[in-house]
Amino acid sequence: MAKKTAPSIDLDLPLPEATKPAKPELTTSIDKPEQDQLASIAKPDRKLPALDSVKSKPASKPLKPKASPKPAKPSVAQDAVSVVAEVWSPADNVVFDNSGNAFVSHGKHISKVSSDGMVEPWATMGSPRGHVILPDGTHIVADAGQRAIVKLNEAGEQVRKVATRSDGYFLRAPNDLVADSKGGVYFTDPGYARIRNPIGRIHYIAADGSVTLVAQTLAFPEGIALSVDGSKLLVVESQNRQVIEFEIRSPGDVGPKQVFARLNAESDNDENGFANGLLVEPKTGRVFVAHGEGHRVEMLSPKGKLLRSFDVGATVNGIAIKSSDDGRLFATGGARSGKKDAGQLFEIRIDD
């Protein structure tokens, strides 16, 4: 049974004066992780630690693990990807509003990209990552720099921090989030963990503002999504190279962790196997996974079977869909040109 803190922050009502926090100063060190933490947030340790050496006398014939057969590689679509727009720093995530405008998180900024590819600054924050737009037009953003889930109005102005604590602990580095049909939001918080210390968590903010711990001891949970019918919560557990799922019993309360799909790397020590972005296509239930520095987005069946791989040609982090009827997916990441100080929004034609 999930633990539930006392209702702390209402999504729609202002806090009483006695408890209302001061407006955060994004340039102070109070709301920012230390430099080594920021580096870990931006790019977690992608190498698995070596096993401790065995000090006992080796056998005359060392035992070698039996290699498992490699699955056949799916077809890689290289001509189905095009660049829609470019921003001035590597892009992390993207979400669309009802008018077809994209909101791209990159660095300390969120930029608005119109349907014709025009880019304009929209908000400046600590370190924005995942992003959802609520039915009333307000924006909820996972801000790793402020260690909080924050609410913005339609003009990109920060209204307040919606959540900074859960289960009695401060949030570490909120990463991605998804809204449900009950007015609540699930979000991941991987922390700064290495694989030897899986401290990643999933939390839930209910419509009344209460914050619940949903799951813990996860190995760097990042992308998060709901199944088409809303009965299951899917999460990328990056350091374990898998997509996991939880049956939702009630809002904020889930069953045991199950493996939905294993994610393969090109080799056993290849960091390209670590994924981050996750999307469930509403129309078909297909699942899409962004493979970070693997430069690819993979399409899985609703049962977790690998169907197709799309070569983006650059680091790819976030994925979103604008319309489930036009056969297009959008992804964010680095720039195909190789410029370290730029990011791009890509269009992927998934049904070509």
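The table that follows gives values for the structure above.
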| quantity | calculated |
| --- | --- |
| Selected residue [closer than 26 Å to V280 by Cβ, of a type in the set (D, E) and buried (at least 21 other Cβ atoms within 10 Å of the Cβ)] from D189, D180 | D189 |
| Lone qualifier among A320, A261, A275 - being within 19 Å of P221 (Cβ to Cβ), at pLDDT 95 or above, in contact with a strand residue (DSSP E or B) (Cβ under 7 Å, 6 or more places away or on another chain) and crowded, with 21+ Cβ neighbours inside 10 Å | A261 |
| Strands (runs of 3 or more DSSP E) wholly inside region 260-352 containing at least 3 residues that are over 24 Å from S114 (Cβ atoms) | 296-300, 306-311 |
| Test: residue in region 206-219 that is in contact (Cβ under 8 Å) with a residue 40 or more places away in the chain and under 22 Å from G318 (Cα atoms) | no |
| Check on S115, polar (S, T, N, Q) and crowded, with 17+ Cβ neighbours inside 10 Å | no |
| Search result, residues across region 282-332 that are within 18 Å of S231 (Cβ to Cβ) and in contact with a Phe, Trp or Tyr (Cβ under 7 Å, 6 or more places away or on another chain) | G304 |
| Residues that are crowded, with 23+ Cβ neighbours inside 10 Å and over 18 Å from N317 (Cα atoms), drawn from region 229-244 | L233 |
| Residue among V150, V214 that is out of contact with any helix residue (DSSP H, G or I) (no Cβ under 9 Å at 6 or more places or on another chain), under 30 Å from P302 (Cβ atoms) and β-branched (V, I, T) | V214 |
| Residue check, D229 assigned to a loop (DSSP other than H, G, I, E, B), of a type outside the set (A, V, I, L, M, F, W, C) and touching a residue at least 60 places away in the same chain (Cβ under 8 Å) | no |
| Some residue of region 148-160 being of a type in the set (K, R) and within 27 Å of G107 (Cα to Cα) | yes |
| Qualifying residues in region 140-160 (those that are basic (K, R) and surrounded by fewer than 21 Cβ atoms within 10 Å (Cβ to Cβ)) - the one nearest to the chain's Cα centre (by Cα) | K151 |
| Considering residues of region 118-139 that are buried (at least 22 other Cβ atoms within 10 Å of the Cβ) and among the aliphatic types (A, V, I, L, M) only, the residue farthest from the chain's Cα centre (by Cα) | A123 |
| Qualifying residue in region 287-302 (condition: at pLDDT 95 or above and surrounded by fewer than 16 Cβ atoms within 10 Å (Cβ to Cβ)) | yes |
| Elements of type strands (runs of 3 or more DSSP E) in region 75-134, at least 1 residues being in contact with a Gly (Cβ under 7 Å, 6 or more places away or on another chain), polar (S, T, N, Q) and in contact (Cβ under 8 Å) with a residue 60 or more places away in the chain | 91-96 |
| Residue that is nearest to W88 (Cα to Cα), among those in region 135-149 that are outside any strand (DSSP E or B) and in contact with a Gly (Cβ under 6 Å, 6 or more places away or on another chain) | G145 |
| When residues of region 184-199 are limited to those that are among the small types (G, A, S) and at pLDDT below 95, the one farthest from T138 (Cα to Cα) | A193 |
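The values are calculated or read from the model by the stated rules, or taken from the named source; none is laboratory data. The structure displayed is predicted, hence computed values, not measured ones. No Cβ is skipped: glycine too gets one built from the backbone with ideal geometry, and neighbour counts run over all protein chains shown.
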